[in-house]
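Each remark here refers to the structure printed beneath this line.
FYI, it's all coordinate maths here, none of it is from the lab. Values in this document were obtained by computation on a predicted structure and should not be read as measured data. We place every Cβ from the backbone using ideal geometry, glycine too, and count neighbours over all the protein chains shown.
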Amino acid sequence: MNDEIGAGIVEAIREPYRLSINATAAPLGNGHINQTVLVHDNEQSLVAQRINTFVFHDPGALVHNARVIRSHLQRKGNAPKVVRHLAGDDGSYLHGPGGDVRVLEYIPGSLSIEVLESNEQAFEAAFTYAGFSRGLSDLDPGKLIIVIPDFHNPSMRYHLFLEALQDARVTQIEACRDDIKFVESTGSLIVEWQSLMDGLPVRICHNDCKINNVLINPDDGKALAVIDLDTSMPGYLMTDFGDLVRTCCNPEAEDSTLLERVNARPEVFTALARGYLKGLEGVILQEEIDSLVPGALMVCFIQGVRFLTDFLGDNQYYSVDYPSHNLDRARNQFQLFRSLQTRESELRSISTSNALMGRD
Ligand code: GN1
Ligand code: MG
């Protein structure tokens, strides 16, 4: 992100948040869609974000959903904290000429991690996201706006890949022939995943359960808050758990090209399953428990398909640091998927074992 972007965000919020002329902005986090900065002004620190309206057509819907979710969870004694949107002096949450800049509270001393450092962190993240869905299990899903329809729908994602393949330039196709073949040969699993998903209960999910979307306290490793509620809407537990596996089990970052190191670590998987099932004890149904491993496989594969689709379409969706960034990301995710496939039966017996929830 260049300085001009940060300066533009600060300008958009200067008046409504009474920022002085000394206010500074520095890039924050590692999101692929929105542009995020940490604003410091004298004693005050704020998180400000320019919402990507190519992806999120209705910024007001994001604010609405996050506020509905926050006020519901706040009424629950033991639900995780979620980050707060801050209104400006004028009472509004969206600013700037495009109405696409918002401000969120900054949680001092909090840390967002990109690559998991311990099994305890995996447990804590899974327990926190489970608490999020548990706390929202009695919120009417109709109160939330569907910001991106079919967001985790595997058939739709596969269809978009086929469309991108048809429209792609020859040089792009040449660069990823083997990856395309891999996707086409694995595509038969889509039907299975789709029908599994269609039989599950719809629940309010976070839908972007990456390890870096839980802020932790570095002193005790406990979760401080869940952030990035932009895709929080009705969905399925299998994809939330799948995203946890995708971002925690891999010892490498999602764009690492050291593919020989990419692998689904079973001990991390065990910690995730234990945390997730504990956090949803008494709520999660047996068919949902049975869907956790397929969910992990599906999310890794589909995330790879989404990155490859974007590579074929010249990187219109995800922000990239170099032209083949999305291709590197896709290969990393496919490698993780293959590693999960190799361990599938081992992981299934872990996630369905009674010992995991202390039931034996
Ligand atoms: C995007 O921008 P970020 O990192 O919050 C994407 C997720 C993907 C993720 C891949 C709206 O999230 O679905 O899983 O990148 N968000 C959207 O890391 O597409
Ligand atoms: Mg996100």
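Given (1) exposed (fewer than 11 other Cβ atoms within 10 Å of the Cβ); (2) farther than 30 Å from residue 140 by Cα; (3) among the polar types (S, T, N, Q), where does residue 172 come up short, assuming only one miss?
(1)
Is the range 65-80 home to any residue that is of a type in the set (D, E, K, R) and part of a loop (DSSP other than H, G, I, E, B)?
If we filter the range 65-80 for residues that are of a type in the set (D, E, K, R), which is where we start, we get 67, 70, 75-76.
Within this subset, residues satisfying the condition of being part of a loop (DSSP other than H, G, I, E, B) are 75-76.
Yes, that holds for at least one residue.
Consider the range 81-114. How many of its residues are over 21 Å from residue 233 (Cβ atoms) and in a strand (DSSP E or B)?
Final tally of qualifying residues: 5.
Quick one: in the range 23-49, of everything that is within 29 Å of residue 310 (Cα to Cα) and small (Gly, Ala, Ser), which residue is nearest to ligand 2 (Cβ to nearest atom)? Break it down stepwise before answering.
Just the residues of the range 23-49 that are within 29 Å of residue 310 (Cα to Cα), to begin with: 26-38, 47-49.
Remaining after also requiring small (Gly, Ala, Ser): 26, 29, 31, 48.
Details: 26: 20, 29: 10, 31: 6, 48: 16 Å.
Looking at residues that are within 29 Å of residue 310 (Cα to Cα) and small (Gly, Ala, Ser), I get 31.
In the range 18-34, how many residues are within 15 Å of ligand 1 (Cβ to nearest atom) and part of a loop (DSSP other than H, G, I, E, B)? Explain how you work it out, then say what you get.
Step one: list which residues in the range 18-34 are within 15 Å of ligand 1 (Cβ to nearest atom), which gives 27-34.
Of the ones still in play, those that are also part of a loop (DSSP other than H, G, I, E, B) are 28-34.
Residues that pass the stated criteria total 7.
Which members of the range 48-107 meet the condition of being surrounded by fewer than 17 Cβ atoms within 10 Å (Cβ to Cβ), within 16 Å of ligand 1 (Cβ to nearest atom) and among the acidic types (Asp, Glu)?
58
Residues 258, 200: which one is farther than 30 Å from residue 106 by Cβ, touching a Phe, Trp or Tyr at 6+ places or on another chain (Cβ under 6 Å), of a type outside the set (Val, Ile, Thr) and away from ligand 1 (no atom under 16 Å from the Cβ)?
Values: 258 fails: touching a Phe, Trp or Tyr at 6+ places or on another chain (Cβ under 6 Å).
Matching residue, one of 258, 200: 200.
Please go through the range 143-169 and pick out each residue that is buried (at least 19 other Cβ atoms within 10 Å of the Cβ) and more than 17 Å from residue 306 (Cβ to Cβ).
The answer is 144, and nothing else.
Which numbered condition in (1) part of a strand (DSSP E or B); (2) more than 16 Å from ligand 1 (Cβ to nearest atom) is the only one that residue 37 fails?
The one condition residue 37 does not meet is (2).
Is one or more of the residues making up the range 281-297 among the polar types (S, T, N, Q), surrounded by fewer than 24 Cβ atoms within 10 Å (Cβ to Cβ) and under 18 Å from the mean Cα position of the chain (by Cα)? Talk me through it step by step, then tell me what you get.
Narrowing the range 281-297 to residues among the polar types (S, T, N, Q): 286, 291.
Then drop every residue that is not surrounded by fewer than 24 Cβ atoms within 10 Å (Cβ to Cβ), which leaves 286.
Then drop every residue that is not under 18 Å from the mean Cα position of the chain (by Cα), which leaves none.
The answer is no, given that none of the residues of the range 281-297 is among the polar types (S, T, N, Q), surrounded by fewer than 24 Cβ atoms within 10 Å (Cβ to Cβ) and under 18 Å from the mean Cα position of the chain (by Cα).
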